[in-house]
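Colleague: Shown below is the structure under consideration.
The values are calculated or read from the model by the stated rules, or taken from the named source; none is laboratory data. Nothing here was measured: the structure is a model prediction, and the numbers come from that model. Here the Cβ is made from the backbone with ideal geometry for all residues, glycine too, and neighbour counts use every protein chain on show. In case anyone asks, the SASA skips ligands and DNA or RNA and just uses the protein heavy atoms, side chains included. Shrake-Rupley method; radii C 1.70, N 1.55, O 1.52, S 1.80 Å.
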Amino acid sequence: MTTPFNEQKFLSLISFTHVLTKIFKILFIIAFSSTVLLFLIGIFLPSDFMVFDLAEVSVQFSAYITDNIRLSANDFEGFVSLKTILVFAGLFGAIGLAFVVYVTHQLEHVLKDIKATIPFSDDNVKRITLTSYAFIIASVLLPLLNVLFFHQITRNITQPEFQMDFSFNAGYLFAGLILYLLAKVFAYGGFLQHSYDETV
Amino acid sequence: MAIIIRLDRVLADRKMQLSELAEKVDISIVNLSNLKTGKVKAIRFSTLEAICKALECQPGDLLEYDNE
């Protein structure tokens, strides 16, 4: 016995998610454009503009900044310029957000095809496969960018107990592998759909 | 494909047009045309039954196995 399927409810859910994805995509594009702008502003700023003396900044770090980086120091000494912060935060932020925009863009088009009642289209298989590759690449690239960013920011700082360990993001890698399997399931769905269409 | 559809022959014997059969069995003329030209992969028992009923024939009159 097959499980009853409420098509109307399903299509309403897909339509709602599609609209939500569109909104998120626009927000991520705005965020991406802002980071690119920060990067460009950083490039044209003079190196000696707004240089922060860290000895005068009363900030205490003693926590994991990301999964890979731990800063632990009570007294920093050194200088960091606004240019350095803007260039590297802008560049690495833009790469991270480009990944998010790409995934959201693919998801939006997948949902669009599902809404048009062609879920197992070749385009959808291609989109999900590409998204799985993007997640697998991001599982290595994004942690690497985090490490590089903090390395650039902190290389002028002296004395901190600074620990930086690089490791891939297991969550992204797992998501990528699951998506790859899902793409294969969609490819098989497409094959079954094709056989069904050729039956009279 | 080894299975050949002889719908055109049965239609000619009955002096019936494809459009007339499409109307009788309630299947689109496009699907029947695909069936006639062997462009389909499978045929449902319900479709075969409807065609046999409309043409007053047996499934064996419509389907033929070609060994070569």
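Colleague: Tally up the residues in segment B:16-30 that are within 14 Å of chain A (Cβ to nearest Cβ) and either open to solvent by 100 Å² or more (accessible area, probe 1.4 Å) or assigned to a helix (DSSP H, G or I) (or both), please.
Modeller: Qualifying residue count for the region: 7.
Colleague: Which one of A:LEU130, A:LEU145 is touching a helix residue (DSSP H, G or I) at 6+ places or on another chain (Cβ under 8 Å) and over 30 Å from A:ASP197 (Cα atoms)?
Modeller: Details: A:LEU130 fails: over 30 Å from A:ASP197 (Cα atoms).
Residue meeting the stated conditions: A:LEU145.
Colleague: Then there is this: With respect to B:ASP13, determine if the residue is more than 24 Å from A:ASP197 (Cα to Cα), touching a residue at least 60 places away in the same chain (Cβ under 8 Å) and away from chain A (no Cβ under 12 Å). Lay out the reasoning, then the answer.
Modeller: Working: more than 24 Å from A:ASP197 (Cα to Cα): yes; touching a residue at least 60 places away in the same chain (Cβ under 8 Å): no; away from chain A (no Cβ under 12 Å): yes.
Considered against the rule, which asks whether it is more than 24 Å from A:ASP197 (Cα to Cα), touching a residue at least 60 places away in the same chain (Cβ under 8 Å) and away from chain A (no Cβ under 12 Å), B:ASP13 comes out as no.
Colleague: Please work out which residue is modelled with the lowest pLDDT, limiting yourself to segment A:48-68 and to residues that are polar (S, T, N, Q) and surrounded by fewer than 16 Cβ atoms within 10 Å (Cβ to Cβ).
Modeller: Result: A:SER62.
Colleague: Residues in segment A:28-47 that are under 16 Å from the mean Cα position of the chain (by Cα) and loosely packed, with under 13 Cβ neighbours inside 10 Å: how many? Walk me through it before giving the result.
Modeller: Within segment A:28-47, the first condition is being under 16 Å from the mean Cα position of the chain (by Cα), and the residues that meet it are A:28-36.
Right, trim to loosely packed, with under 13 Cβ neighbours inside 10 Å and you get A:30.
Summing the residues that are under 16 Å from the mean Cα position of the chain (by Cα) and loosely packed, with under 13 Cβ neighbours inside 10 Å in segment A:28-47 gives 1.
Colleague: Pairs under 8 Å by beta carbon, first residue closer than 10 Å to A:LYS115 by Cα in segment A:1-13, partner in a helix (DSSP H, G or I) and open to solvent by less than 100 Å² (accessible area, probe 1.4 Å), six or more apart or different chains?
Modeller: Listed pairs, sorted by first residue: A:LEU11/A:LYS115.
Colleague: Restricting to segment A:83-128, name every residue that is over 18 Å from A:GLY190 (Cβ atoms) and of a type in the set (S, T, N, Q).
Modeller: Residues satisfying the conditions are A:THR84, A:THR104.
Colleague: Moving to a separate point now. Within the bounds of segment B:51-68, is there any residue that is within 14 Å of chain A (Cβ to nearest Cβ), outside any helix (DSSP H, G or I) and modelled with pLDDT of 90 or more?
Modeller: Yes.
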